[in-house]
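K.L.:
Before we start, here is the structure in question, set down as structure tokens.
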Amino acid sequence: MATESKRDYYEVLGISRDSSAEDIKKAYRQLARKFHPDVNQGDAGAEDKFKEVGEAYEVLSDAQKRGAYDRFGHAASGGSGGGFGAGGFDGFGGGGGLDDILNVFFGGGGGGRRPGPQRGEDLRYDMEVTLEEALRGGEKTIQVPRTENCETCGGNGAAPGTKPDTCVQCGGTGATRQVQQTILGTVQTSVTCPRCQGRGQVVKSPCGGCAGRGKLRKTRELKVPIPPGVDDGMQLPIRGEGEAGTLNGPPGDLYIFFGVKEHEKFERDGMDLYISQPLTFVQAALGDTISVSTLSGDSVSLAIPEGTQNGTRFKLRGHGMPNIRNRNQKGDLTVVIAVQVPTKLSEEERKSLRSFAELRGEVAGQTPDHHDSGKGLWERIKHAVKGD
Ligand SMILES: [Zn+2]
Ligand SMILES: [Zn+2]
């Protein structure tokens, strides 16, 4: 993903990360006016700025996209498509003044279905990855069933060599007026043109490839990035890989919803990992140097001090999951000691344990006092119960 050089969207709009939707809109309106191509004729720098501002606004004004951006950074916009500047304006044709363009962005211009280009629907794809894949990141090839524009007719539904005709009933606007006489006077309403269903066009000789619909169901193979550090429930939008638009409208986006499978050894809590490490009670009592295998497959040597108690935690710094926004920053791996009490003792082993107890002055039926770490545990339990 060659998105490293991209400026931060909040920086582009000159706002802080906790800005409200209202602040974002205000900052965008101001900058869009300043850099609009109509105001800066022939200034390529201004045009680039205008596109940059538009892209930042498109992401930050959409709660879902903003959330994904906050978590993934620019990786969230995916590798392909990404053409807000190019794609965003084509559909609206030239000639519109600044306010027309702003109205389109801000959802102005009244209700009802607009004739002409319609953006395609967004798609959701649930992707399950292993914890190892979430650690390393990478790429996965997926099959996405979706509608695409028919290649034979280019999406307009007309047989090759012919063109759709402008609808005569609505003159291509997609809407017709209805005039009603009511007790309040004459009321004019606008309704979707019944002849063209609001498309503004009528196909006389339908394309054989798509039966005049302009679209076909296809299963498309896509390579999708797995961001290192991805966690359960995170979403990654991939621009322009959703359903095809109507009448050459831009396609929708594809949202990858990540699910991370449970690991049989490692537990995850955000960037931190936990592993239970069995020790024999002899190792725990005498101390030892053991080798702990991390999620990446590396082995890390860990010194177990003499007299290590069950439940003792050792932290291996930097052996957790990477931060999804900065892969150089990593969580820790906590090793939780599980002392194993030996079972299925032989007669000789029983004997040696009894003589061990004798050496310690232990008497059958008498339990030991709480030692230091036992007391600590009891204090912790009491605190947890009292909630302080
Ligand atoms: Zn076709
Ligand atoms: Zn019509």
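K.L.:
Could you tell me whether Gly214 is crowded, with 18+ Cβ neighbours inside 10 Å and away from ligand 2 (no atom under 14 Å from the Cβ)? Quick ask: steps written out before the conclusion?
P.N.:
Values: crowded, with 18+ Cβ neighbours inside 10 Å: yes; away from ligand 2 (no atom under 14 Å from the Cβ): yes.
Here the answer is yes, as Gly214 does meet what is asked.
K.L.:
Might you check whether a residue that is within 24 Å of the chain's Cα centre (by Cα) and either under 26 Å from Asn326 (Cβ atoms) or in contact (Cβ under 8 Å) with a residue 40 or more places away in the chain (or both) occurs anywhere in the stretch 30-46? Show your work before the answer.
P.N.:
Quick first cut of the stretch 30-46, residues within 24 Å of the chain's Cα centre (by Cα) only: none.
No; the residues of the stretch 30-46 include none that is within 24 Å of the chain's Cα centre (by Cα) and either under 26 Å from Asn326 (Cβ atoms) or in contact (Cβ under 8 Å) with a residue 40 or more places away in the chain (or both).
K.L.:
Scanning the stretch 155-195 for residues that are within 16 Å of ligand 1 (Cβ to nearest atom) and touching a residue at least 60 places away in the same chain (Cβ under 8 Å), which turns out surrounded by the most Cβ atoms within 10 Å (Cβ to Cβ)?
P.N.:
Gly155
K.L.:
If a residue must be under 19 Å from Gly307 (Cα atoms) and at pLDDT below 60, how many such residues does the stretch 347-388 contain?
P.N.:
Going through the stretch 347-388 one residue at a time, the tally reaches 7.
K.L.:
Is it the case, given these coordinates, that Thr147 is under 40 Å from the mean Cα position of the chain (by Cα), surrounded by 19 or more Cβ atoms within 10 Å (Cβ to Cβ), assigned to a strand (DSSP E or B) and more than 16 Å from ligand 2 (Cβ to nearest atom)? Steps first, please.
P.N.:
Working: under 40 Å from the mean Cα position of the chain (by Cα): yes; surrounded by 19 or more Cβ atoms within 10 Å (Cβ to Cβ): yes; assigned to a strand (DSSP E or B): yes; more than 16 Å from ligand 2 (Cβ to nearest atom): yes.
Here the answer is yes, as Thr147 does meet what is asked.
K.L.:
Determine, yes or no, whether Pro225 is surrounded by 21 or more Cβ atoms within 10 Å (Cβ to Cβ) and part of a strand (DSSP E or B).
P.N.:
Working: surrounded by 21 or more Cβ atoms within 10 Å (Cβ to Cβ): no; part of a strand (DSSP E or B): yes.
No; evaluated as a whole, the condition is false for this residue.
K.L.:
Applying the selection to the stretch 46-77, what residues are of a type in the set (Asp, Glu) and out of contact with any Pro (no Cβ under 8 Å at 6 or more places or on another chain)?
P.N.:
Asp48, Glu52, Glu55, Glu58, Asp62, Asp70
K.L.:
With respect to Gly198, determine if the residue is open to solvent by less than 80 Å² (accessible area, probe 1.4 Å), in a loop (DSSP other than H, G, I, E, B), farther than 30 Å from Ser293 by Cβ and not assigned by TED's automatic domain parsing to the domain that holds Leu295.
P.N.:
Values: open to solvent by less than 80 Å² (accessible area, probe 1.4 Å): yes; in a loop (DSSP other than H, G, I, E, B): yes; farther than 30 Å from Ser293 by Cβ: yes; not assigned by TED's automatic domain parsing to the domain that holds Leu295: yes.
Spelling it out, Gly198 is indeed open to solvent by less than 80 Å² (accessible area, probe 1.4 Å), in a loop (DSSP other than H, G, I, E, B), farther than 30 Å from Ser293 by Cβ and not assigned by TED's automatic domain parsing to the domain that holds Leu295.
K.L.:
Further, regarding this structure: Which residue out of Gly233, Gly214, Gly242, Gly208 is within 16 Å of ligand 1 (Cβ to nearest atom), within 38 Å of the chain's Cα centre (by Cα) and of a type outside the set (Val, Ile, Thr)?
P.N.:
None of the others qualify; the one that does is Gly214.
K.L.:
If we only count strands (runs of 3 or more DSSP E) wholly inside the stretch 237-341, which ones have 1 or more residues that are open to solvent by 20 Å² or more (accessible area, probe 1.4 Å) and in contact with a Ser or Thr (Cβ under 9 Å, 6 or more places away or on another chain)?
P.N.:
254-260, 266-269, 272-280, 288-293, 299-304, 313-316, 333-340
K.L.:
Taking the stretch 150-176 only, how many residues are of a type in the set (S, T, N, Q) and away from ligand 2 (no atom under 16 Å from the Cβ)?
P.N.:
Within the stretch 150-176, residues that are of a type in the set (S, T, N, Q) and away from ligand 2 (no atom under 16 Å from the Cβ) number 2.
K.L.:
Are any residues in the stretch 38-57 open to solvent by less than 70 Å² (accessible area, probe 1.4 Å) and within 23 Å of Gly240 (Cβ to Cβ), and if so, which ones?
P.N.:
Matches in the stretch 38-57: Phe50, Glu52, Val53, Gly54, Glu55, Ala56, Tyr57.
The values are calculated or read from the model by the stated rules, or taken from the named source; none is laboratory data. Small disclaimer: the values here were computed from a predicted structure and weren't measured. Note: ideal-geometry Cβ built from the backbone for every residue, glycine included; neighbour counts use all protein chains shown. The accessibility values were calculated without ligands, DNA or RNA, using every heavy atom of the protein model including side chains. Shrake-Rupley method; radii C 1.70, N 1.55, O 1.52, S 1.80 Å.
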